[in-house]
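One structure below.
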Amino acid sequence: MGVIDESQVFEFVVKKGNGVKGLTDSGLTSVPPRYVHPLEERIDRKKTIDASPFLGPPINLAGLEGENNGAIANALCKAATKLGFFQVVNHGVSVQVMERVKHAALTREVTRMEGLLEHDIHERRRGYAVMASRMPVHAALDYLKGANKMIYGIMGSLLRGLDVEVEDSALSLHTEAKAVNMNFYPPCPNPELTVGVGRHSDLAALTILLQDDIGGLYVKVEENGWIEIPPIEGALVINVGDTLEILSNGRHKSAEHRVIASSTQARVSVPIFVSPRPQTMIGPLSGLPEKDGKTVYKHLLFFWRVHG
Ligand SMILES: O=C(O)CCC(=O)C(=O)O
Ligand SMILES: [Fe+2]
């Protein structure tokens with residue numbers, strides 16, 4: 001497999017903080033056995049199904065804050081209830097800011113440091129990637145600043161589209177904690193044997209995802225069916241997380257997704273996870289269970305959703 005002995009992989013990747021980037025840089029020719037995932041979890045690109053019945057064209061957010069935003073709000077609600085994933089343009093984050101964020105995520109210093117966080121590579125979700133929560137601060141702050149209005153606009157539309165009373169304070173409460181993460185997928189010698197990130201849904205209320213032009217993000221649409229969210233220059237990917245699914249009593253979908261690494265190129269993505277604070281009580285918005293004739297989720301502190 002190259003210069004690093006299998007027995008040394010954990011030491012090299014995790015304890016010494018070299019990360020999977022370090023593994024790739026060491027001249028690895030096949031993925032170490034500890035990165036090989038069970039057959040049913042591997043991603044077969046040939047089995048990707050056509051996205052067009054599930055994923056609409058990017059939603060143009062220009063005018064989302066205006067008086068006549070009904071059509072945009074409707075499009076957002078439709079996409080959130082159907083697939084739970086959609087793309088947006090005219091979102092308020094400038095091209096320069098997006099380029100800087102992607103560049104920061106590619107920086108060697110960051111990816112080396114973050115290898116330290118890759119503590120449990122046996123977990124299903126863990127794959128041939130570095131997933132980290134530290135970004136050079138300026139890039140992250142500009143990204144957040146640019147995205148803020150859009151975040152309130154989208155969350156407002158998705159909550160108010162449920163046709164129950166939603167106070168501005170409820171909107172703030174569920175979007176109070178924002179974290180910018182960084183995912184780095186080094187070129188992988190055998191992407192077909194492993195995953196970049198294994199299937200999972202996000203705990204957050206909403207995820208704003210900046211992906212580069214490599215591709216490889218898959219979303220589950222039905223039993224064993226996965227579609228790819230194609231990279232679109234300048235667009236951001238938005239997905240509903242578990243918290244918003246709960247708030248909406250199951251109407252908005254928090255879809256499972258996963259990522260395949262590329263054999264030839266490094267890939268980066270930069271999510272903003274928009275969540276409530278840990279001590280916030282999360283459950284279906286009041287009035288919704290009555291409207292729907294059923295309660296899909298119980299109330300629970302967000303802390304317990306994360307740590308439960
Ligand atoms: O890299 C991607 O495109 C998605 C990453 C992801 O799902 C996550 O960070 O939760
Ligand atoms: Fe995710």
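The values are calculated or read from the model by the stated rules, or taken from the named source; none is laboratory data. What you see is a predicted model; the values in this text were computed from it and never measured. Glycine gets a Cβ as well: all are built from the backbone with ideal geometry, and neighbour counts include every protein chain shown.
Just checking, how many residues over the range 50-91 are more than 30 Å from Thr24 (Cβ to Cβ) and part of a loop (DSSP other than H, G, I, E, B)? Before the answer, list the steps.
Our first condition is that a residue be more than 30 Å from Thr24 (Cβ to Cβ); within the range 50-91, this holds for 50, 52-84, 86, 88-91.
Imposing the further condition that a residue be part of a loop (DSSP other than H, G, I, E, B) reduces the set to 50, 52-58, 61-69, 83-84, 90-91.
Looking only at that region, the number is 21.
Given the criterion away from ligand 1 (no atom under 15 Å from the Cβ), surrounded by fewer than 23 Cβ atoms within 10 Å (Cβ to Cβ) and within 21 Å of Lys149 (Cβ to Cβ), identify the matching residue among Leu173, Leu193. Explain how you work it out, then say what you get.
Details: Leu193 fails: within 21 Å of Lys149 (Cβ to Cβ).
When all the criteria are applied, what remains is Leu173.
Can you tell me which of Ala179, Ala204 is closer than 23 Å to Val89 by Cα, at pLDDT 95 or above and either within 10 Å of ligand 1 (Cβ to nearest atom) or part of a strand (DSSP E or B) (or both)? Can you show your working first?
Values: Ala179 fails: at pLDDT 95 or above.
On inspection, the qualifying residue turns out to be Ala204.
Criterion first (at pLDDT below 85, of a type in the set (Lys, Arg) and away from ligand 2 (no atom under 16 Å from the Cβ)) does Arg125 satisfy it? First the steps, then the outcome.
Values: at pLDDT below 85: yes; of a type in the set (Lys, Arg): yes; away from ligand 2 (no atom under 16 Å from the Cβ): no.
No, not satisfied.
For (1) touching a residue at least 12 places away in the same chain (Cβ under 8 Å); (2) more than 18 Å from Met131 (Cα to Cα), each residue gets a yes or a no:
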residue	(1), (2)
Phe10	yes, no
Gly27	yes, yes
Ser30	yes, yes
Ile43	yes, yes
Lys46	no, yes
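Which residue is surrounded by the fewest Cβ atoms within 10 Å (Cβ to Cβ), if the candidates are limited to the range 239-250 and must be of a type outside the set (Gly, Ala, Ser) and within 12 Å of ligand 1 (Cβ to nearest atom)? Please lay out each step first, then the result.
Step one: of the range 239-250, the residues of a type outside the set (Gly, Ala, Ser) are 239-240, 242-247, 249.
Going one step further and asking which of them are within 12 Å of ligand 1 (Cβ to nearest atom), we end up with 239, 242.
Values: Asn239: 27, Asp242: 20.
Result: Asp242.
When you go through Gly22, Gly27 one by one, which is the residue that is modelled with pLDDT under 85 and in a loop (DSSP other than H, G, I, E, B)?
Numbers: Gly22 fails: in a loop (DSSP other than H, G, I, E, B).
Every option except Gly27 fails the conditions.
For the subset of the range 196-234 comprising residues that are β-branched (Val, Ile, Thr) and within 12 Å of ligand 2 (Cβ to nearest atom), which member is farthest from Leu171 (Cα to Cα)? Spell out how you get there, then give the answer.
To start, the set of residues in the range 196-234 that are β-branched (Val, Ile, Thr) comprises 197, 207-208, 214, 219, 221, 227, 229, 232.
Now narrow it down to the ones that are within 12 Å of ligand 2 (Cβ to nearest atom): 197, 207-208, 219, 229.
Working: Val197: 30, Thr207: 15, Ile208: 17, Val219: 27, Ile229: 28 Å.
Here the answer is Val197.
Which residue out of Val296, Val259 is more than 13 Å from ligand 1 (Cβ to nearest atom), of a type in the set (A, V, I, L, M, F, W, C) and modelled with pLDDT under 95?
On the way: Val259 fails: more than 13 Å from ligand 1 (Cβ to nearest atom).
One residue alone meets the criteria, Val296.
State yes or no: is Arg199 within 27 Å of Ser263 (Cα to Cα) and out of contact with any Phe, Trp or Tyr (no Cβ under 8 Å at 6 or more places or on another chain)? Explain how you work it out, then say what you get.
Details: within 27 Å of Ser263 (Cα to Cα): yes; out of contact with any Phe, Trp or Tyr (no Cβ under 8 Å at 6 or more places or on another chain): yes.
It is true that Arg199 is within 27 Å of Ser263 (Cα to Cα) and out of contact with any Phe, Trp or Tyr (no Cβ under 8 Å at 6 or more places or on another chain).
Quick check: anything in the range 128-137 at pLDDT below 95, away from ligand 2 (no atom under 16 Å from the Cβ) and of a type in the set (Gly, Ala, Ser)?
Step one: of the range 128-137, the residues at pLDDT below 95 are 128-137.
Subset that is away from ligand 2 (no atom under 16 Å from the Cβ): 134-137.
Next, only the ones that are of a type in the set (Gly, Ala, Ser) stay: none.
No, because not a single residue in the range 128-137 is at pLDDT below 95, away from ligand 2 (no atom under 16 Å from the Cβ) and of a type in the set (Gly, Ala, Ser).
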